[in-house]
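Trainee: First, the structure itself, so that you have it in front of you.
The values are calculated or read from the model by the stated rules, or taken from the named source; none is laboratory data. Remember, predicted model here, so these are calculated numbers, not experimental data. All Cβ positions, glycine included, derive from the backbone under ideal geometry; neighbour counts span all protein chains shown.
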Amino acid sequence: SFQRTQYSLFSSTSSAMAATEESLRKALSDKQSAVEAQGNAVRALKAAAAPKADIDAAVQSLNALKLEKTDVERQLQSILSSDGGLSREAFRQAAVNTLERRLFYIPSFKIYRGVAGLYDYGPPGCAVKSNVLAFWRQHFVLEENMLEVDCPCVTPEVVLKASGHVDKFTDLMVKDEKTGTCYRADHLLKDFCNEKLQKDLTMSSEKAAELKHVLATLDDLSAEALGAKIKEYGITAPETKNPLSDPYPFNLMFQTSIGPSGLSPGYMRPETAQGIFVNFKDLYYYNGNKLPFAAAQIGQAFRNEISPRQGLLRVREFTLAEIEHFVDPDDKSHPKYKEVSELEFLMFPREEQMSGQSAKRIRLGEAVSKGIVNNETLGYFIGRVYLFLTRLGIDKDRLRFRQHLANEMAHYAADCWDAEIECSYGWIECVGIADRSAYDLRAHTDKSGVPLVAHEKFSEPKEVEVLFNINNVYIYPVP
Ligand SMILES: Nc1ncnc2c1ncn2[C@@H]1O[C@H](COP(=O)(O)OP(=O)(O)OP(=O)(O)O)[C@@H](O)[C@H]1O
């Protein structure tokens, strides 16, 4: 309850704050121009040796304008650091100190000075975690009759090669050119934009809009584009101010080898989903060879994050709870969709992000019928995640569903939405909901040679034409 009371101090909604901020920035830039013009007028009067009364009157209006400008500056400053009088940083520090003192969590291996991104849960932390997981299991696995599995964390290379993780599970990294310290390139750019927006009161509204656009499209930037922005804004290493290298990809998986020979490479799994995909054939059989069905898994995931920060929000080992729902690609309706279609909450479609608008309240049914959300099944899970998070106690005004930008999604994905929660670190992704098409099943079918497919029995026999390209053995089923 301590936490909820403190958070309720941050009262303004972010969209109202954004509108006020924009109008204050505009007012400040108008006042700045007026002060400059009046200053020029005073100088011109003095140069022309105008009568003293005229000069005094002009100086008086200049001073009045300066006062008005200072007033707008103060208002802008106050909304930029606004949190009801309690600084977010100070509040967070107080919360962290309390949680650590009461052993909700403890930096792992503390007596050896700890390891960044690794944490232990103490007794109350274990109790909270176990309650959250029990509720997750109840809300998703039991209420939806999902098939739960529990697979190993150590995964042979072949599985993660097939899924694309060995080649593509990377973040863009930059290095301090003198000390070699590593940073995540997009995080440095994000911090730069946020700090500028908060602290640079003289920034024009055009520049502010540009930085907001960079923030909105950050996940969309290629290594080259990120490098160009870092250079353009003169971003340097945070601690030393040394120049930074160009961004380059770093694979986040912890590598290991399985067995004593060292000949069988493996990785600590970066997600639990692959365990479900490789078991598809048996799970489908267990489900009576029928679609749709869902499988779920709760377990540890490991990511060698470049520079873990933000406490428990970005760590190197964490518990993931994942669901894979398998559906007929030609029929993505959901029998229980009606149960969630009337829910209304904050959604942030990609169009709004690109044009610099804020998230808005949309009825889920409307988002699906207008095609903003790609299909009913995806919409159903967005609704279920909304119910899960709000029943867990998340404030619905600090919860939004943000659609991935086109390039942010993997090429095979049809649509992706992140549930984001606004906390003292800003909007943080907590759940990812994606229509991944049949990419993973197809990839494991190709690599393993075991067909991970479902069959549909038509009520009437159908005649289909199949074209064979003998050279490449491509098969084109004609619907
Ligand atoms: N290092 C981490 N520590 C804690 N939670 C994480 C970490 N990485 C991802 N998550 C959480 O796991 C969920 C699923 O992971 P997903 O693969 O979608 O993340 P992601 O999009 O790769 O994350 P990001 O791009 O922020 O690194 C995310 O929604 C996020 O809440």
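Trainee: Quick one: in region 275-319, which of the residues that are in contact with a Pro (Cβ under 7 Å, 6 or more places away or on another chain) and not in a strand (DSSP E or B) is farthest from the ligand (Cβ to nearest atom)?
Mentor: Top of the filtered list is 316.
Trainee: Further question on the same structure: Restricted to region 355-400, and to residues that are in contact with a His (Cβ under 8 Å, 6 or more places away or on another chain) and hydrophobic (A, V, I, L, M, F, W, C), which residue is nearest to residue 128 (Cα to Cα)?
Mentor: 388
Trainee: Restricting attention to region 434-443, which residues are in contact with a strand residue (DSSP E or B) (Cβ under 7 Å, 6 or more places away or on another chain) and surrounded by fewer than 19 Cβ atoms within 10 Å (Cβ to Cβ)?
Mentor: Result: 434, single match.
Trainee: Residues of region 392-428 being without any contact (Cβ under 8 Å) to a residue 24 or more places away in the chain and surrounded by fewer than 19 Cβ atoms within 10 Å (Cβ to Cβ), which ones?
Mentor: Correct list: 411 only.
Trainee: In this structure, is residue 189 within 15 Å of the ligand (Cβ to nearest atom) and free of Cβ contacts under 8 Å to residues at least 60 places away in the same chain?
Mentor: Against the criterion (within 15 Å of the ligand (Cβ to nearest atom) and free of Cβ contacts under 8 Å to residues at least 60 places away in the same chain), residue 189 qualifies.
Trainee: When you check residue 338 against the structure, is it more than 16 Å from the ligand (Cβ to nearest atom) and in a loop (DSSP other than H, G, I, E, B), yes or no?
Mentor: In short, no.
Trainee: Do we find a residue being under 22 Å from residue 269 (Cα atoms), among the polar types (S, T, N, Q), within 14 Å of the ligand (Cβ to nearest atom) and at pLDDT 90 or above anywhere in region 157-164?
Mentor: Looking for residues that are under 22 Å from residue 269 (Cα atoms), among the polar types (S, T, N, Q), within 14 Å of the ligand (Cβ to nearest atom) and at pLDDT 90 or above, one finds at least one in region 157-164, hence yes.
Trainee: Report the residue count in region 45-74 for those that are hydrophobic (A, V, I, L, M, F, W, C) and over 24 Å from residue 202 (Cβ atoms).
Mentor: Selection size over region 45-74: 8.
Trainee: Sticking with this structure for a sec: Within the set of pairs 6+ apart or on separate chains, which have a first residue in region 333-344 that is within 9 Å of residue 377 (Cα to Cα), a second that is at pLDDT 95 or above and of a type in the set (Gly, Ala, Ser), and C-beta atoms under 7 Å apart?
Mentor: So the pair list comes out as 337/379.
Trainee: So residue 380 passes all but one of these: (1) more than 23 Å from the chain's Cα centre (by Cα); (2) under 28 Å from residue 284 (Cα atoms). Which condition number does it fail?
Mentor: (1)
Trainee: Can you pull out the residues in region 320-335 that are away from the ligand (no atom under 16 Å from the Cβ) and among the small types (Gly, Ala, Ser)?
Mentor: Of everything in region 320-335, just one residue is away from the ligand (no atom under 16 Å from the Cβ) and among the small types (Gly, Ala, Ser), namely 333.
Trainee: Please give the strands (runs of 3 or more DSSP E) falling wholly within region 386-479 in which 1 or more residues are in contact with a Leu (Cβ under 7 Å, 6 or more places away or on another chain) and at pLDDT below 95.
Mentor: Passing ranges, in order: 415-423, 426-435, 474-477.
Trainee: Using beta carbons and a limit of 6 Å, which pairs, at least six apart or on different chains, have the first residue in region 380-391 and without any contact (Cβ under 8 Å) to a residue 12 or more places away in the chain and the second one not β-branched (Val, Ile, Thr)?
Mentor: Sorted first by the residue in region 380-391, then by its partner, the pairs are 390/396.
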